[in-house]
Structures are given as C-alpha cells and as structure tokens.
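A.B. asks: One structure follows; several queries about it will come next.
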Amino acid sequence: MSEKKSLETRAVHAGESRRNAYDSLTTPLALTSTYTFEDGDALGRHHRREVEREEYGRYGNPTVRAAERKVADLDGAEDAALFSSGMAAVTTALLAMLRSGHHVVLTRDCYRRTRQFVTGVLPRFGVESTVVEPGDPEAIERAIVPGKTRVVISESPTNPYLRVVDLEALRSIKAAFPSVKFIIDATFSTPVNQRPIEHGVDLVIHSATKYLGGHNDLLAGSVSGSAALVDAIRDFRGVMGGVLDPHAAYLLLRGMKTLGLRVARQNASALSLARALETDPRIERVFFPGLESHPDHRVAIAQMSGFGGVVSFLVKGDGPRTERFVDACRVAAIAPSLGGVETLIEQPALMSYYEMSPEERVAVGIPDNLVRLAVGIESSDDLLDDLAQALDVAFAGQ
Ligand SMILES: *Cc1c(COP(=O)(O)O)cnc(C)c1O
C-alpha cells in the first residue's frame with residue numbers, strides 16, 4: 001500500500017490481497033503444514049525463486065505472510081518476519097546476528113526476559129554485554145567496543161519506567177559505527193506513536209502479543225527491517241523453529257485493522273489518567289512520557305505522536321498498601337501484559353519480580369509500591385472512578 005496513505009488506512013488494507021481464494025474479502029486462514037508441487041519442474045522453478053510460493057510450514061505460510069507484510073508496512077520497513085512470541089523474535093534475531101567474541105550493548109530498563117537472555121544466556125555462547133541507562137545516549141556510545149560490538153538493543157519507551165531513547169542521537173552514534181546494528185523493541189509505542197526505522201534504526205521488534213494483536217488473545221512477535229536482514233533472520237527462524245501459528249496470524253491480521261483506533265483511545269486515556277494520578281496526594285510519583293515531570297518528556301514530544309497506554313506510578317506507602325489498592329480495582333484486572341482492549345494492572349514486585357527479596361528488587365529498580373497500569377479501551381471516566389475508589393479502599397482509616 002502507498003506510503004501516502006495514513007497509518008489508519010494502511011492498518012486496514014496493507015499486506016492483504018484483493019484477490020483471495022473463493023473471492024473472500026478477508027485473507028483466508030491457510031491451515032496446512034506443507035505445500036504440494038505439480039512435478040519436478042515446478043519444484044525447480046521454486047528453488048530458482050522464479051515463483052513466489054511456499055514449500056513447508058516452518059518456512060512460510062500465506063496467512064502469516066500477509067500479517068508480515070502488514071507489520072512491515074506499518075513500521076515503514078522493507079520486510080518483516082513473525083514469530084511464535086515476542087521472545088522468539090528477540091532470541092532468534094539476536095542469535096542470527098551474533099557469534100562468539102561479539103559484544104552487545106543493552107539498556108537497563110527493559111523486559112526482564114530480554115535482559116536474562118542477553119546477560120545470562122548469550123555469555124554461554126561467548127557473547128558478552130554491557131548494560132547502560134536508556135536515557136543517556138553518551139553512555140551507549142561509550143559502551144560500544146569497536147570491532148567487537150555488533151548489536152545495540154534497547155526498548156523505547158522502556159518497561160516499566162517509560163524511558164524514551166533519543167533516536168536522533170542514536171542515528172549520529174550509528175554513523176560512527178557502521179558495523180553495529182541498532183535494534184529497538186518498540187512494543188510500548190507501536191507504529192502509531194513512533195517509527196524507529198524512519199530514524200535510521202536497523203531493526204524494530206514488537207511483542208505483537210501486546211498492541212498489534214490488541215485483544216489479549218494471542219502470542220506473537222515481529223522483526224522489521226531491510227529485506228536482506230529480515231531474510232537472514234527468517235532463514236534462521238527455519239532453523240530455530242519459532243514460527244507463528246496461522247490461527248494466531250489470522251487473529252493478528254484482524255487485530256491490527258483497529259490498531260489506529262485503539263491506540264488513539266489508549267493514548268488519550270493514559271494521558272488523562274496520568275495527569276489525574278499526578279495531582280492525587282496519595283500517589284508519590286507518576287512515570288509517563290506525556291507528563292512534563294518525566295525525564296524524557298522533550299524527547300518524547302520530538303519523536304512520538306502519542307505517549308502510549310502504559311502508566312507506571314508509586315503509591316504513597318508500603319507494599320501491602322499498594323497490594324490493597326491493586327486488589328480493590330474492579331475494572332482493571334490483575335494480570336501481566338499490556339496493549340489489549342482490557343485494562344490490566346500489576347504490582348511488579350508481586351508479579352515478575354516475586355522471587356526477589358525487597359532489597360534485591362530495590363537494587364534492580366523495582367520498589368514494592370510500584371504499580372504498572374496498562375490502559376485498555378474502556379471509558380477513561382470509568383477507569384478514573386475505578387482507580388479513585390481503589391485508592392479510597394487502600395487509604396481507608398488514614
Ligand atoms: C511482552 C514483551 C516482550 C516479550 O513478548 P512475548 O510476546 O510475551 O514473548 C518483549 N518486549 C517487551 C517490551 C514486552 O512488553
């Protein structure tokens with residue numbers, strides 16, 4: 001679909017064909033593990049890449065392919081590959097690009113399993129890493145070891161403090177290190193709010209489980225970038241095997257059609273909730289890039305067209321009071337994840353960081369009174385009322 005069309009239009013139409021089997025309007029769900037060849041000649045034409053067709057389910061599927069074309073179009077990339085989860089996308093892309101002796105720069109505030117993979121698993125294969133602060137482009141530049149660093153990977157905005165990486169600053173660093181590939185996990189921003197490829201980033205990763213799918217009903221991950229890089233990663237996906245199931249690809253295609261509508265709503269609701277929480281005396285601090293109090297507010301204004309649907313904040317008080325507040329929410333459900341139509345709330349200390357002691361959590365920057373709110377598409381008035389009544393419950397008797 002033409003670049004001139006708006007993202008909302010492309011979310012509906014991009015990647016999908018007007019000429020489908022049975023004249024179906026929607027992209028058919030192709031449930032097959034393999035594909036047939038009429039004869040040896042047809043097989044030869046396929047091997048010589050004279051025809052575009054599939055061979056075997058681990059190498060490709062037409063429903064998955066349509067979803068890949070839609071993701072690539074929205075990211076403004078030449079191509080995209082889909083995976084069985086966001087983590088399959090992260091791990092397959094990194095393993096495809098790294099060899100023993102290479103070095104990775106990772107920003108600290110990030111998805112816990114990505115950090116675990118880079119700092120805990122990659123060293124087993126001789127790949128070392130340096131972890132730096134996301135809001136500090138100079139620290140990223142200093143961490144690059146010429147000749148050894150092959151990948152710089154960061155989220156933007158980050159999880160859970162919504163730090164925004166200055167992508168134009170990254171572009172100038174990249175110019176000085178042409179052999180280093182820059183990867184942005186843009187799960188929290190979606191292509192609606194930020195398109196890192198336009199800032200010269202090499203690869204964009206999404207946990208499509210979140211906003212792209214948008215309905216909390218599937219797991220998927222994507223990698224977008226140049227045709228050559230994505231082709232190499234897709235080839236490696238055939239080795240690792242973390243392909244997306246066609247059922248999930250069908251749901252993802254369907255979910256992405258409403259991405260523009262959903263994210264616009266989530267942006268607006270999250271901003272109004274963040275503002276309301278910031279003025280509530282029972283809240284110690286709010287982390288949201290749309291607030292002037294956020295350290296990356298100016299960067300966010302410059303490179304994002306919306307600030308996303310996740311708001312993190314500290315409740316005044318201890319872990320048990322924060323737990324009472326979270327437990328008292330009636331619209332927001334207690335669950336990990338984000339980006340779907342349902343509003344979800346979690347206290348990271350009791351969710352992803354449960355096994356750590358309070359001291360260890362403070363050391364990794366996760367205090368017990370931290371709450372992450374992932375705003376859905378419900379009415380923001382209802383969400384605000386829900387948070388207010390839950391705060392009343394948590395602070396009763398004060
Ligand atoms: C959820 C998430 C992932 C992992 O994605 P899965 O689909 O759960 O495997 C990676 N990065 C970020 C920023 C996420 O939020």
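A.B. asks: Tally time: how many residues in the range 364-391 are under 26 Å from Ser352 (Cα atoms) and of a type in the set (D, E, K, R)?
C.D. replies: Residues that pass the stated criteria total 4.
A.B. asks: Next question, about the same structure. Among the listed residues Asp109, Asp75, Asp79, which satisfies the condition of being away from the ligand (no atom under 13 Å from the Cβ) and either under 14 Å from the mean Cα position of the chain (by Cα) or not assigned by TED's automatic domain parsing to the domain that holds Ser226 (or both)?
C.D. replies: None of the other options fit; the residue is Asp75.
A.B. asks: If you don't mind, another one. For the range 85-96, enumerate the residues that are surrounded by fewer than 20 Cβ atoms within 10 Å (Cβ to Cβ) and more than 8 Å from the ligand (Cβ to nearest atom).
C.D. replies: Answer for the range 85-96, where residues must be surrounded by fewer than 20 Cβ atoms within 10 Å (Cβ to Cβ) and more than 8 Å from the ligand (Cβ to nearest atom): Leu95, Ala96.
A.B. asks: Given the residues Leu251, Leu229, Leu212, which is the only one that is modelled with pLDDT of 95 or more, buried (at least 24 other Cβ atoms within 10 Å of the Cβ) and aliphatic (A, V, I, L, M)?
C.D. replies: Selected residue: Leu212, the only one of Leu251, Leu229, Leu212 that is modelled with pLDDT of 95 or more, buried (at least 24 other Cβ atoms within 10 Å of the Cβ) and aliphatic (A, V, I, L, M).
Listed here are the residues, each with its yes/no results for (1) within 19 Å of the chain's Cα centre (by Cα); (2) on the phi > 0 side of the Ramachandran plot; (3) within 16 Å of the ligand (Cβ to nearest atom).
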{"position": "Glu198", "(1), (2), (3)": "yes, no, no"}
{"position": "Ser222", "(1), (2), (3)": "yes, no, yes"}
{"position": "Ala227", "(1), (2), (3)": "no, no, no"}
{"position": "Asp231", "(1), (2), (3)": "no, no, no"}
{"position": "Gly241", "(1), (2), (3)": "no, yes, yes"}
{"position": "Leu252", "(1), (2), (3)": "yes, no, yes"}
{"position": "Ser272", "(1), (2), (3)": "no, no, no"}
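A.B. asks: Of all residues in the range 32-84, which are surrounded by fewer than 12 Cβ atoms within 10 Å (Cβ to Cβ), of a type in the set (Asp, Glu) and not in a helix (DSSP H, G or I)?
C.D. replies: Answer for the range 32-84, where residues must be surrounded by fewer than 12 Cβ atoms within 10 Å (Cβ to Cβ), of a type in the set (Asp, Glu) and not in a helix (DSSP H, G or I): Glu38, Asp39, Glu50, Glu52.
A.B. asks: Take the residues in the range 200-220 that are hydrophobic (A, V, I, L, M, F, W, C) and within 11 Å of the ligand (Cβ to nearest atom); name whichever of them is farthest from the chain's Cα centre (by Cα).
C.D. replies: Per the criteria, the residue is Leu218.
A.B. asks: Now for a different question. So which helices (runs of 4 or more DSSP H) are wholly in the range 128-245 and hold at least 1 residues that are in contact (Cβ under 8 Å) with a residue 60 or more places away in the chain?
C.D. replies: 167-176, 190-193, 227-240
A.B. asks: When you check Ile153 against the structure, is it within 12 Å of the ligand (Cβ to nearest atom) and under 13 Å from Ala93 (Cα atoms), yes or no?
C.D. replies: Spelling it out, Ile153 is indeed within 12 Å of the ligand (Cβ to nearest atom) and under 13 Å from Ala93 (Cα atoms).
A.B. asks: While we're on this one: Checking Ala349 against (1) surrounded by 17 or more Cβ atoms within 10 Å (Cβ to Cβ); (2) touching a residue at least 40 places away in the same chain (Cβ under 8 Å); (3) over 19 Å from the mean Cα position of the chain (by Cα), which single condition isn't satisfied?
C.D. replies: Condition (2) is where Ala349 drops out.
A.B. asks: Here's a follow-up. Is it true that Asn159 is modelled with pLDDT under 95, under 18 Å from the mean Cα position of the chain (by Cα) and either buried (at least 20 other Cβ atoms within 10 Å of the Cβ) or within 13 Å of the ligand (Cβ to nearest atom) (or both)?
C.D. replies: Here the answer is yes, as Asn159 does meet what is asked.
A.B. asks: Right, another one. For the range 229-255, how many residues are within 16 Å of Thr63 (Cβ to Cβ), in contact with a helix residue (DSSP H, G or I) (Cβ under 9 Å, 6 or more places away or on another chain) and among the aliphatic types (A, V, I, L, M)?
C.D. replies: Residues flagged as within 16 Å of Thr63 (Cβ to Cβ), in contact with a helix residue (DSSP H, G or I) (Cβ under 9 Å, 6 or more places away or on another chain) and among the aliphatic types (A, V, I, L, M) within the range 229-255 amount to 6.
A.B. asks: A further question on this structure: State which residue is farthest from Cys110 (Cα to Cα) when the search covers only the range 181-209 and only residues that are crowded, with 24+ Cβ neighbours inside 10 Å and among the small types (Gly, Ala, Ser).
C.D. replies: It comes out as Ala208.
The values are calculated or read from the model by the stated rules, or taken from the named source; none is laboratory data. The structure displayed is predicted, hence computed values, not measured ones. Virtual Cβ from ideal backbone geometry, glycine too; neighbours counted across all protein chains shown.
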